[in-house]
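For reference, the structure is listed below as structure tokens.
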Amino acid sequence: MRAPLRKDIEIMAPAGGFESLMAAIQGGADSVYFGVEQLNMRARATMNFKLDDLEKVAAICQEHGVRSYLTLNTIVYDHDMSIVKHVCDRVKEAGITAIIASDQAVISYAKSIGIEIHISTQVNITNVETIRFYSLFADVMVLSRELSLMQINHICDQVRKENICGPNGKPVEIEVFAHGALCMAVSGKCYLSLHTYNSSANRGACNQNCRRKYKVMDAEDPNIEFEIDNEYIMSPKDLCTLNFMDQLLDTGVQVLKIEGRGKGPEYVKEVVSCYREAVDAIYEDTYTPEKVEGWMERLRSVYNRDFWGGYYLGQELGEWTDQAGSQATQKKVYLGVGKHYYTKIGVAEFKIEAQKMRVGDKLLITGVTTGVMEVEVEEIHVDGQPVEEAKRGDLCSIKVPDRVRPSDKLYKMVANEEVV
């Protein structure tokens, strides 16, 4: 089967805030998904929008031709319904494209007021009959992360052959996870955090117990215990589909979802850019192993727990990370904040608040309007004089490729093992 045309493939990016929203757009995303303060699977994350941000988010997305999806996909109790209805009403008023939902109460109310609905991974869709049922309500459905390429291909074929259409009258679009963190539980349904901290993952308040190292103790002899070495046995490596993207697109899927609403804007831009380029390369027949390795090298530079292909290729067991936290080859170190931009000469002024900035440093500038900007320092001026480095407390100027706003954050990128 020939891979679908690029215009049929939607790259869906995470947006945990305005910086990441702009980074997704800069990376080439076709759509973004995000949460507001409550009732989403990252409800406890600091990276969430406020309800009053909806109009601004919708306006930015419409300006750039990007679709916007609000996640409303947690378990919902009776006392939540007034909030659910209020959020849905605001989504409708603001012009957000769709909501991503899993609870039938949310789906029912959204449908009643004419909001486009997408079915969340929490529903755990694994067969055509479930697609047929939810087609009464939804135009887009994300499949279970535990399916193989063969199973996905069968579902996509049946949707096409049987012309299973959503409320918009068009065949249901199939969405899959393409990249990012995976949960050890089936479609995210986990009780570890609830049992240990009374903090429900299914209400968006996961404490990520699975990401830790554990010891096994002999119940009959407490003096005997084993530390599980070299593997965090409940913490999967990150999903990455770049090296078999052509096979994934051949199944007939239309939406590629990138995980990472809790990640920084530099992660969003780099990952989205790599997947945008990969899809374009497949369409242009220039997708090669050499290009894949180049994209993988870039992905390794941002937050990751190492990579594996998930269950798409028929693997029965997961691959677990062997260390805590990120295995990124680079990390960002905070330097300071933007103060002024001189339009005519393309120079930005920054206040250095931590560490030192030197000629030759690779910098990252982020901001709610700026998104993500990368710069290599060619020269630095302090008090109008050229210097080799700017230190804490200095007001310094450097050449930049685009406009910098006051309060934009300045970082330098260093090797992960480098001592700053």
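What to note about this one:
- Separation in nanometres of the label points that stand 7 Å from Cα toward Cβ, at Tyr334 and Thr288: 4.3
- Neighbours of Ile113, meaning other residues whose beta-carbon lies under 13 angstrom from its beta-carbon, give a summed charge of +1 when Lys and Arg score +1 and Asp and Glu score -1.
- Point-to-point label distance, Gln158-Gln62, nm (Cα→Cβ direction, 7 Å offset): 3.9
- Taking packing as the residue-averaged number of other Cβ atoms within 10 angstrom, the listed peptides 139-146, 154-161 run from highest to lowest as 139-146, 154-161.
- A simple spin-label model places pseudo-atoms 7 Å from Cα toward Cβ; at Arg90 and Asp78 they are separated by 2.5 nm.
- Three-way shape label, the stretch 242-313, alpha-carbon gyration tensor, a/c 1.5: prolate
- Ranked from largest to smallest solvent-accessible area, with a 1.4 Å probe on the protein heavy atoms, Glu374, Glu293 come out as Glu374, Glu293.
- With an a/c value of 1.5 or above and a/b larger than b/c for the gyration tensor axes a ≥ b ≥ c computed over the alpha-carbon atoms, the stretch 34-180 is described as prolate.
- A Förster radius of 30 Å, combined with the Cβ-Cβ distance separating Thr343 from Lys50, puts the computed FRET efficiency at roughly 0.45.
- Sorting 60-67, 122-129 by their mean Cβ neighbour count within 10 Å, with the most densely packed peptide first, gives 122-129, 60-67.
- Calculated FRET efficiency, Gln104 to Val387, Cβ-Cβ distance, R0 = 56 Å: about 0.35 to the nearest 0.05.
- Anchor Lys170: aspartates and glutamates whose Cα lies under 17 Å away (excluding residues fewer than 8 positions away in-chain): Asp8, Glu10, Glu116, Asp139, Asp157, Glu162
The values are calculated or read from the model by the stated rules, or taken from the named source; none is laboratory data. Small disclaimer: the values here were computed from a predicted structure and weren't measured. Note: ideal-geometry Cβ built from the backbone for every residue, glycine included; neighbour counts use all protein chains shown. SASA here: full protein model, heavy atoms, side chains in, ligands and nucleic acids out. Shrake-Rupley method; radii C 1.70, N 1.55, O 1.52, S 1.80 Å.
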